[in-house]
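The values are calculated or read from the model by the stated rules, or taken from the named source; none is laboratory data. Since we're looking at a predicted model, the values are computed, not measured. Glycine gets a Cβ as well: all are built from the backbone with ideal geometry, and neighbour counts include every protein chain shown. Areas reflect the complete protein model, heavy atoms only, side chains present, ligands, DNA and RNA absent. Shrake-Rupley method; radii C 1.70, N 1.55, O 1.52, S 1.80 Å.
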Amino acid sequence: MFYYFAYGSCMCPVDLQRTMGELTYQYVMGPAILQGYRLGFYRRSQRRNCGVLDIVKDPNSAVEGVLYQLPQRMSDLLDEREEVRFDTHQGIHIGGYQPERIEVFYLNQLYTNVRTYTVINKLPEELAPNDWYFNVVLRGAVTCGLTQEYCWKLFEHMHKLQQKQIQISSPLLRSA
């Protein structure tokens, strides 16, 4: 077994089940907090054709997410979902995300050696999620019990990014 902290679409056990090929809700421990990071949409997913979540170090912020205790057999599938690729010749990660070891608080207890993933080549500015990704992230946050305040903050952030994208891509709105 290993601990996994999800902060994006993997917060939704139904979406994670799609990747794992088996029920994952049974592995949800519950909402956890990662101190010293903030969320951002700094990756364009080819698969989802939109901006997807990343975590960025920020000493004044915290990220709520879902702590899972997953069976070891799911490790490679999770890496595949996050497009983890390692160039053994160069000794570096070259895929979409790279695994990171972090510490999170769950039920006021510190859990160490928790796996999460961070974007390798971050975009210079955030890219809006599409409606599908937006809904999966929120569904996971609500289903797994993240705080109402955090869910609203997450909703507002994604909504603002979508509105900004609409304004940029719509010539009628720009000239108004």
Simple spin-label estimate for R73/R85, 7 Å along Cα→Cβ, in nm, reads 2.9
Reduced to Cα centres, the span from segment 9-37 to segment 120-145 in Å works out to 14
Here the relative contact order (percent) of segment 1-127, from C-alpha pairs under 8 Å and at least 6 apart, is 31
Heads up, segment 53-166 by the C-alpha gyration tensor (a ≥ b ≥ c square roots of eigenvalues; a/c under 1.5 rounded, else a/b over b/c prolate, else oblate) looks oblate
Heavy-atom accessible area with a 1.4 angstrom probe orders I102, I120, most exposed first, as I120, I102
Stretched fully, the stretch from K164 through F105 gains (0.36 nm per residue minus C-alpha distance, one decimal, in nm) 17.9 nm
With +1 on the Cβ of every Lys and Arg and -1 on the Cβ of every Asp and Glu, the dipole magnitude of segment 93-164 about its Cα centre, in debye rounded to the nearest 20, is 80
Taking a straight Cα-to-Cα line shorter than 22 Å from K164, and setting aside same-chain lysines fewer than 8 residues away, one finds K122, K153
With all protein chains present and a 1.4 Å probe, the order of H157, H89 from largest accessible area down is H89, H157
Projected onto the charge dipole of the chain (unit charges on the beta-carbon of Lys, Arg, Asp and Glu, signs +1, +1, -1, -1), the Cα from I33, N135, V104 with the largest positive-side position is that of N135
For segment 59-130, averaging the sequence separation of alpha carbon pairs under 8 Å that lie six or more residues apart and dividing by its residue count, the contact order in percent is 20
Computed over segment 1-93, protein heavy atoms only, probe 1.4 angstrom, the accessible area per residue in square angstrom equals 48
Excluding residues fewer than 8 positions from K57 in its own chain, the aspartates and glutamates with Cα under 18 Å of it are E100, E103, E125, E126
Highest GNM mean-square fluctuation among Y111, Y97, Y68, for the chain with Cα springs under 10 Å, belongs to Y111
